[in-house]
Amino acid sequence: MKTISVVLGSLVFLSACSQEPVSIPDRTSHPCGDSPNCVSTLEHREDFILQPFTLASSDITIEQIETVALSMPGSLTAVKDGSYIRIEYTSDFFGFVDDLEIKIEGDKLIVRSESRTGHSDFGVNRERTDELRSSLLEQGLITP
């Protein structure tokens, strides 16, 4: 009986940790909340702001940006709609999901990355967007 209780308890715990795909609307224009788990190119607050991502050419497509974003570990395209993509990043150990949203507007990329759960992300979203910036620069898709 004790074994059954432990197994059932473990299953309940593990099922609570799993996260199903979520339907999330385009939030690229939304400000980050007050939790330190979000960064955005449209933010003005120091802890949340990302410097602009300026496209190197008007010929650059969201597919090119998506290819670079998907080269990072744990990535999966959740939504692709015109000039907008939302990529989910799942952490290896705990399975936490972060959402990276990218939209092409004129010669700029609007970039927003936020953790779905928790108060702090320990800088993971900023590190991810810094890595994205470096990769996009390396590929010649954005300007310095």
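Coordinate-derived values only; no laboratory data. None of the values given here were measured: they were computed from a predicted structure. Backbone-built Cβ (ideal geometry, glycine too); neighbour counts: all protein chains shown.
Quick one: net charge of Asn125's neighbours, Cβ under 14 Å, K/R +1, D/E -1? Result for the local shell: -4. The phi torsions of the range 106-113, fed into the Karplus equation with coefficients 6.51, -1.76 and 1.60 and a -60° offset, translate into couplings of x, 9, 10, 9, 8, 10, 9, 9 Hz, rounded to whole numbers, with Gly and Pro shown as x.
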